[in-house]
């Protein structure tokens with residue numbers, strides 16, 4: 001792996017460990033993980049249940065802190081930040097996409113996308129509306145600004161969630177099982193969006209249990225028992241746009 005000092009890693013973690021204590025029981029989630037992620041990478045994290053995937057993702061997203069080890073996010077030592085500084089890092093440098101979308105049911109698409117701007121106290125900037133519209137446009141939802149989640153399909157809801165993750169122009173996008181609640185065609189459409197964003201320069205990490213989804217990325221990291229036990233470089237990632245050409249469209253599935 002490249003030298004982070006020379007190539008300005010987005011993420012550089014060394015010896016990250018995490019233990020959860022449930023009464024007298026200790027659950028070791030991570031056991032000294034080392035990982036370097038360069039700008040513009042597209043990475044999948046895989047592993048069985050209990051392997052540490054979610055814990056690693058939460059630490060990378062500054063939602064949790066390790067018990068030991070060092071985490072540099074764009075050369076900032078995250079371990080030295082207080083709660084307010086961590087919240088600012090989460091809002092400005094990390095975009096989150098979740099399996100369950102996590103949209104506000106009473107808010108429309110534009111209002112859901114606006115949330116990170118409000119939390120970052122940027123809700124009154126002059127180009128706020130343009131930022132929201134541009135984010136929705138980037139995921140193919142132009143004209144859907146006023147629709148609430150109940151008026152959207154699962155795929156459209158996930159697109160809104162991706163647009164929300166993009167609106168603050170974060171350094172990295174973290175997606176936890178982003179296709180887990182979607183059918184295969186819609187999942188492929190979501191992967192097409194991620195691949196487009198990656199080509200435009202976004203650094204993206206996804207957690208997935210689906211090998212076919214992982215093979216849309218450039219590198220797969222396999223976790224087991226809290227350790228990275230294997231990494232695989234994908235020289236020829238699956239192209240989501242090409243995959244969609246061979247898959248049945250919605251109208252064809254209804255007819256069938």
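The values are calculated or read from the model by the stated rules, or taken from the named source; none is laboratory data. If you're wondering where the values come from, they're calculated on a predicted model, not measured in any experiment. A quick note on method: Cβ atoms are made from the backbone with ideal geometry, for glycine too, and the neighbour counts reach across all protein chains shown.
Restricted to segment 110-128, and to residues there that are more than 19 Å from the chain's Cα centre (by Cα) and at pLDDT 90 or above, the residue that is surrounded by the most Cβ atoms within 10 Å (Cβ to Cβ) is 110. Considering only residues that are in a strand (DSSP E or B) and touching a helix residue (DSSP H, G or I) at 6+ places or on another chain (Cβ under 8 Å), which ones fall in segment 160-205? Selection gives 172, 173, 174, 175, 176, 204, 205.
With respect to being in contact with a helix residue (DSSP H, G or I) (Cβ under 9 Å, 6 or more places away or on another chain), surrounded by fewer than 20 Cβ atoms within 10 Å (Cβ to Cβ), in contact (Cβ under 8 Å) with a residue 24 or more places away in the chain and closer than 26 Å to residue 62 by Cβ, residue 147 falls outside the description. For residue 98, the criteria (1) surrounded by fewer than 22 Cβ atoms within 10 Å (Cβ to Cβ); (2) touching a strand residue (DSSP E or B) at 6+ places or on another chain (Cβ under 6 Å); (3) at pLDDT 90 or above hold in every case but one, which is (3).
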